[in-house]
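These notes concern the structure reproduced below.
The values are calculated or read from the model by the stated rules, or taken from the named source; none is laboratory data. Given the structure is predicted, the values throughout are model-derived calculations rather than measurements. Quick reminder, even Gly has a Cβ in these numbers, built from the backbone with ideal geometry, and neighbours come from all protein chains shown.
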Amino acid sequence: MSSSADPVPGGAVRQASLREINLALLLGRIAAAPRPPSRADLAAATGLTRATVSAVVDDLIGGGLVTEAEPAPRTGAGRPARGLLLAGHGPAGLGLEINVDYLAVCVLDLAGAVRHRTVHRADLRPLSPTETLARVAELARRARTDAEAQGLTLAGAALAVPGLVDADGVVRLAPNLGWREVDVPTLLAAHPPLTGAVPGLPALVVENEANLAALGELHAGEPGVTDFLYVSGEVGIGAGIVLDGALYRGARGFSGEIGHLPVHPEGRPCRCGGRGCLEPYAGQEAILTAAGLTGADVAGDAVRLARLATGGDAATLAALAGAGTALGVAVAGVVNLLDLDTVVLGGGYAPLARWLTPPVTTELSRRVLAAPWSPVTVRPALLGGDAAVIGAAGSVVRRVVARPTAWLARAG
């Protein structure tokens, strides 16, 4: 969503448009600054007059988007400048995640702090989409109540789903949930916690879970890391592709289905209807089966596998080695195609990264043509297994930062 308004015919900019541009410009500078900038810092960085900066900052403070930090100790003559920070009160983002074996919800304030988090573990495959979404709505209701008790107002929500999601929020296919052509926004329309948008901002955005997780990692990650492959390993396997600091969605928004890249042609059958896909070899249920844990409750399987591997269980270690090898084969193909230098292991792979990384790295070294000159970094997700739900909530607060006039109009 663009933060600037269209110019009026003839190239002139309406006064309202100029205000919108300045609000977004200064709020974005404050959000991206490594330390709290002063009004004078903002004027110097943007070329705006101090009077304009002061007026815009006053609007941002009055709207609950910005707060002033305590001034640093004075080292010379004159009054010390006060730095400006994103406010920890006011607007917040609601993040929701549906996966095969759990539901998650979190509330993130504008400053990036997690103010509420709940994970409900259960095998959701026996439930219909309507039943699952009703559970999501109840978690959202509780999160909203808790957020409001903390003085926060939800500016919107984003829902992460493991499947193909179109631009209208319809889940075209989520094979591991058994969903096909599920109109999520319509099914959730009757639930008040997910309606009542701030004017100018969407009430609910539905997106692929790996994509939202990749965005969460992008904004939580090291400065300068703008190209990477995020691999989410749950019962299913998805990927988010970040190129030049932006999420790559593909022509129809369906990119990243790495779980259905073939690693053994004519191999094991997959839920997608194909054979030899990565998922039947490196999905968490496949790892559990290889470790001899058939019949185990799917909920919390990554934690169980990590505990067994830490204890040196031979079957678990062999299962993780086999999964890592299959994963490395698939990832190497993506890296060769896109020339990426970083692979992030997220979702259920994050707690297993200690054992998955060596075989993945081995396959990358063997198969990536540029590896002798430019080795690929493989690391666990900085946000761990929460990357998708935090990324979902973060996408909401970033929309507020990109278009603060929508929030200010509501607050006013």
The number of residues in the stretch 355-412 that are among the basic types (Lys, Arg) and touching a residue at least 40 places away in the same chain (Cβ under 8 Å) is 4
Condition check for GLU266: in contact with a strand residue (DSSP E or B) (Cβ under 9 Å, 6 or more places away or on another chain), at pLDDT below 90, charged (D, E, K, R) and surrounded by fewer than 14 Cβ atoms within 10 Å (Cβ to Cβ) = yes
Quick one: what pairs do we get from the stretch 208-234, first residue more than 21 Å from VAL329 (Cα to Cα), second surrounded by fewer than 20 Cβ atoms within 10 Å (Cβ to Cβ) and of a type in the set (Gly, Ala, Ser), C-beta under 6 Å, 6+ apart or different chains?
-> THR226/GLY245
Kindly check whether there is at least one residue in the stretch 283-301 that is in contact with a Lys or Arg (Cβ under 6 Å, 6 or more places away or on another chain), at pLDDT 90 or above, within 21 Å of GLY163 (Cβ to Cβ) and of a type outside the set (A, V, I, L, M).
-> no
Answer yes if at least one residue in the stretch 72-90 is at pLDDT 90 or above, outside any strand (DSSP E or B) and within 30 Å of ASP301 (Cβ to Cβ), and no otherwise.
-> no
Of the residues LEU261, LEU247, which is at pLDDT 90 or above, surrounded by fewer than 24 Cβ atoms within 10 Å (Cβ to Cβ), assigned by TED's automatic domain parsing to the domain that holds VAL344 and farther than 26 Å from LEU103 by Cβ?
-> LEU261
